[in-house]
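First the structure, in the form of structure tokens, and then the observations on it.
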Amino acid sequence: MAVLTVKNAKKSFGENHVLNDISFEVGKGEVIAIIGPSGSGKSTLLRCCTILEHLDGGLIQYSGDVLCKDGKYGDKEQMQNIRKKFGLVFQNFNLFPHFSVLRNVTEAPIRVAGMDRQKAEAHGRELLHKMGLSEKENAYPCELSGGQQQRVAIARAMALDPDILFFDEPTSALDPELTGEILKVMRELAEEHMTMVVVTHEMGFARDVADRVIFMDKGYIVEQGDPKVVIDHPENERTRLFLQRFA
Ligand code: ADP
Ligand code: MG
């Protein structure tokens, strides 16, 4: 069964139809790259999948658990249950500035999932170790580089052992020399078969790491498939035009 199913998703802001009939599935262990021009609806799609926005119509389902159907959402408890199934990494890290690195990672497990502090901290330290940040657990976000902050954000997104991780342009706010360290961490997660949906302009990453690429334009999925086809031999003219910028 798919980890995530999105079917006929629709979302408008007033007269602006931002998502038009979006359908795709993400299988366990799959890495999906979403590419497309600015304003094509990529962030809105991720925000709808992670309950930061609500769809107007269509279905979102996590491993068979329905988040919304025909634009109708379940009760608070159902939503809370689904919130534990995913993690989200933003472009601008969005760490809690007044919390230490470790507390950034343990806050959701303790407050949302009711995990006891010791257990949450032990797990948080494991995740920080994995991200190469063991030395930084007592530091505050402002004392870290952008790359380090984003690695904390990835550890935080993984704190509830999600079934799927979403990334919204995770390297776009970073200097080129720091981009590499984040892409490396994401490659390692992919090798460990973490299920991931990554909005990115890093075509090298999409080509090498993604199992499937989705090209969005004006709120539609224009083309999706094997990265070697979509990126190197796109069938659609709009995909071709978009990719010319990266050639
Ligand atoms: P992308 O991430 O592909 O650049 P977005 O999903 O951010 O695209 O935006 C798609 C469209 O939706 C844009 O026209 C944007 O202005 C609009 N939009 C996004 N969020 C909002 C919002 N909260 N209110 C009104 N319009 C929005
Ligand atoms: Mg965006």
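Below is a table of values for the structure above.
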{"read-out": "With eigenvalues of the C-alpha gyration tensor scaled by 5 and rooted, the stretch 84-189, Å", "value": "21, 15, 12"}
{"read-out": "In Hz, Karplus ³J(HN,Hα) per residue of the stretch 127-135 (6.51, -1.76, 1.60; θ = phi - 60°; x = Gly, Pro)", "value": "5, 5, 4, 4, 8, x, 10, 4, 6"}
{"read-out": "Point-to-point label distance, D21-A2, nm (Cα→Cβ direction, 7 Å offset)", "value": "1.6"}
{"read-out": "Carbon plus sulfur fraction of accessible area for the stretch 88-247, probe 1.4 Å, in percent", "value": "48"}
{"read-out": "In the stretch 200-247, trypsin sites (Lys or Arg not before Pro) in a DSSP loop with at most 16 other beta-carbon atoms within 10 Å", "value": "K218, R245"}
{"read-out": "Net length gained if the chain between V112 and M79 were fully extended (0.36 nm per residue, minus Cα distance)", "value": "10.7 nm"}
{"read-out": "Relative pair counts by distance (%), Cα atoms of the stretch 1-88, 5 Å bins", "value": "3, 14, 26, 27, 19, 9, 2, 0"}
{"read-out": "Kirkwood Rh, angstrom, the stretch 149-247 [1 / mean 1/r, Cα pairs]", "value": "14.5"}
{"read-out": "10 Å Cβ shell holding at most 16 others, DSSP loop, chymotrypsin sites (Phe, Trp or Tyr not before Pro): longest site-free stretch of the chain", "value": "100-245"}
{"read-out": "Solvent accessible area, Å² - E53, 1.4 Å probe, full protein context", "value": "40"}
{"read-out": "Sites matching GluC sites (Glu not before Pro) across the stretch 168-247 that sit in DSSP coil, with at most 12 neighbouring C-beta atoms within 10 Å", "value": "E192, E235"}
{"read-out": "Residue-normalised accessible area of the chain, given per residue in Å² at a 1.4 Å probe", "value": "48"}
{"read-out": "For the chain: rounded, prolate or oblate by the Cα gyration tensor [a/c cutoff 1.5]", "value": "oblate"}
{"read-out": "Under Karplus coefficients 6.51, -1.76 and 1.60, residue-wise ³J(HN,Hα) of the stretch 144-157 in Hz, glycine/proline x", "value": "10, 6, x, x, 5, 4, 5, 5, 4, 4, 5, 4, 4, 5"}
{"read-out": "30 Å Cα-Cα reach of K10 towards lysines, excluding residues that sit fewer than 8 places from it in its own chain", "value": "K28, K42, K69, K72, K76, K84, K85, K218, K228"}
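The values are calculated or read from the model by the stated rules, or taken from the named source; none is laboratory data. Since the structure is predicted, the reported quantities are computational estimates derived from the model, not experimental observations. As a convention, Cβ positions derive from the backbone with ideal geometry for all residues, glycine included, and neighbour counts pool all protein chains shown. Accessible surface is based on the protein model in full, side chains and every heavy atom, while ligands, DNA and RNA are left aside. Shrake-Rupley method; radii C 1.70, N 1.55, O 1.52, S 1.80 Å.
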